[in-house]
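The values are calculated or read from the model by the stated rules, or taken from the named source; none is laboratory data. Just so we're clear, the structure is a prediction, and the values are computed from it rather than from any experiment. Please note: Cβ atoms are built from the backbone with ideal geometry, for glycine as well, and neighbour counts cover all protein chains shown. We work out accessible area using only protein heavy atoms, side chains counted, and drop any ligands, DNA or RNA first. Shrake-Rupley method; radii C 1.70, N 1.55, O 1.52, S 1.80 Å.
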Amino acid sequence: KNGKGIFPIVSLMPKDNHSLLQLYLDGPKNNIYTIFSVKEKSSQKLNNASLFDKYSILKNKNVYEILDSQKKATEKIFRTRRIPFRSFEIINRSEETLGELFCFFILETILLGHLLKVNPFNQPKVELIKNETKKILQ
């Protein structure tokens, strides 16, 4: 609002690595990143017989180990390149944990709005689109 704020974008790692990670690492340095991961108690192991030799590093690994390694590698490179990020590891996947996270981010949005001197509870520019849509539909 009023030319201030942060732009939330969701990327699903590692699926989005090729489309977005290049931008994050080599693009404008005006963002802060939030990395979420879930601590898996058990995860499916890869089928060693179906892995080609060039992927032998994945043998005897489970899906969580691979995803966690990619997360750690991303964090290490972000640190090395001084790209600001924060990381949340969800230990207990439950409704309560999700509710705590939602509350945290709602409070964060309110506080950021206050610090940036913008009202986090309205969307006056969105109303422009709504009103124009109503005119077109009439």
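Table for the structure above
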| item | result |
| --- | --- |
| Surrounding net charge for Thr133, when Lys and Arg each add one and Asp and Glu each subtract one, Cβ distance under 14 Å | +2 |
| The chain: relative contact order in percent, alpha carbon pairs under 8 Å with at least 6 residues between | 28 |
| Cross-link partners of Lys59 among lysines (Cα-Cα below 17 Å; sequence separation of 8 or more within a chain) | Lys45 |
| Farthest toward positive dipole pole in the chain [+1 Lys/Arg, -1 Asp/Glu at C-beta], among Val118, Val38, Leu25 | Leu25 |
| Cross-link pairs Lys1/Lys71; Lys39/Lys130; Lys29/Lys130; Lys41/Lys76 - those with Cα-Cα distance over 30 Å | Lys1/Lys71; Lys39/Lys130; Lys29/Lys130 |
| Region 11-79, accessible area per residue, ligands and nucleic acids excluded (1.4 Å, Å²) | 76 |
| The chain: angle of helix 124-137 to the longest principal axis, Cα-based, in degrees nearest 10 | 80 |
| Charged-residue dipole, Cβ positions (Lys, Arg, Asp, Glu), region 1-122 about Cα centre, Debye nearest 20 | 440 |
| Degrees, to the nearest 10: 63-80 long Cα axis against longest axis of the chain | 60 |
| Given charges at Cβ of Lys, Arg, Asp, Glu: the chain dipole, positive-most of Leu128, Ile90, Ile57 | Leu128 |
| Mean ellipticity per residue at 222 nm, deg cm²/dmol - from DSSP H runs of n ≥ 4 across the chain, formula -39500 (n - 2.57) | -14000 deg cm²/dmol |
| Structure-derived Cα Rg over 2.2 N^0.38 Å - corresponding label in [x] 1.08; [y] 2.31; [z] 1.42 | [z] |
